[in-house]
Every structure is written in C-alpha cells, then in structure tokens.
Amino acid sequence: MNKYLLIAVSVFSLTACSQGVEQMTDRTTQPCGDKPNCVSTIDDREKHAIAPFNLKEGTTLAEVEAVALTLPGAKTAVSEGNYLRIECTSKIMRFVDDLELKLDGTTLTVRSESRTGYSDFGVNRKRTEQLRQKLADASILD
C-alpha cells in the first residue's frame, strides 16, 4: 500500500510542478541557454538552431495561432500585438513547454523551450518542424 501511495504522491508532485505560469517575458529575441531543451530561429548554434519561418505576405498572427493550436497539448497563454505564447502540455507527465512566436512582416520568429528538466529528447525541435509542416499545409509558409 505504501508503494502505491508513494507513486501517487510522486506523480502528483511532478504534475503540480509542471503547470503553467501566468507571467513570462517575451524571450523570442534571446538565444537558448546551454541545456539541450530549446530551439530557436535566432540561435546559430547547431544544437539549438532551426531554419527560418518565412510566411506569405499578409499572414496574420491569428492565422498562425489557429495552426499552432492544432499541435498536441497546445493552448494560448498570451496573445499581445505581434507576440504569441502557446503552452504545450505533454499527455502523460503534464510537462509544459513554451512555444513563443513573434511576427515581424513575413518573418516568424520561433522559440520552443521546456520549462523543466535538462534534455527534452528532441521534443521541441519536433514540435517546431510539425508547426512548419502545418503552416505549409495551410498555405501560409512561403
């Protein structure tokens, strides 16, 4: 019985710690840290860099948001002006990653980072490439 109680408390603790936050500054202009749990279009280091996202002329942030919300576990946390932060929550452990998007003309700055842990096992890179494919499928990517 104690074993099951310990497991339940551990899972609850991990889940509670990984929930969303209400306040977070726009980090789209900041390079990733040293941990391998972040990718960005502005970072030039191989383990963090992702290819630029160039959108078709006239694309709105609302169109980008509609596509981004089709990603697994995605919900809008912040949408202000040309900045959007999507929280992506994993199904089992409920870990939250932040997908930050900033639209400047036809350039979409993309940054995806795990809030907790050292490595993300490539989850953020995979997410950004899923977003790229979904934007292409929606005929938004140039």
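The values are calculated or read from the model by the stated rules, or taken from the named source; none is laboratory data. Predicted model only: the values in this text are computed from it and were never measured. We place every Cβ from the backbone using ideal geometry, glycine too, and count neighbours over all the protein chains shown.
Working only within the stretch 96-127, note down all residues that are surrounded by fewer than 21 Cβ atoms within 10 Å (Cβ to Cβ), at pLDDT 95 or above and polar (S, T, N, Q).
Thr106, Thr107, Thr109
Would you point out which residue out of Leu131, Leu84, Leu108 is in contact (Cβ under 8 Å) with a residue 60 or more places away in the chain and either in a helix (DSSP H, G or I) or in contact with an Asp or Glu (Cβ under 7 Å, 6 or more places away or on another chain) (or both)?
Values: Leu84 fails: in contact (Cβ under 8 Å) with a residue 60 or more places away in the chain; Leu108 fails: either in a helix (DSSP H, G or I) or in contact with an Asp or Glu (Cβ under 7 Å, 6 or more places away or on another chain) (or both).
The unique qualifying residue is Leu131.
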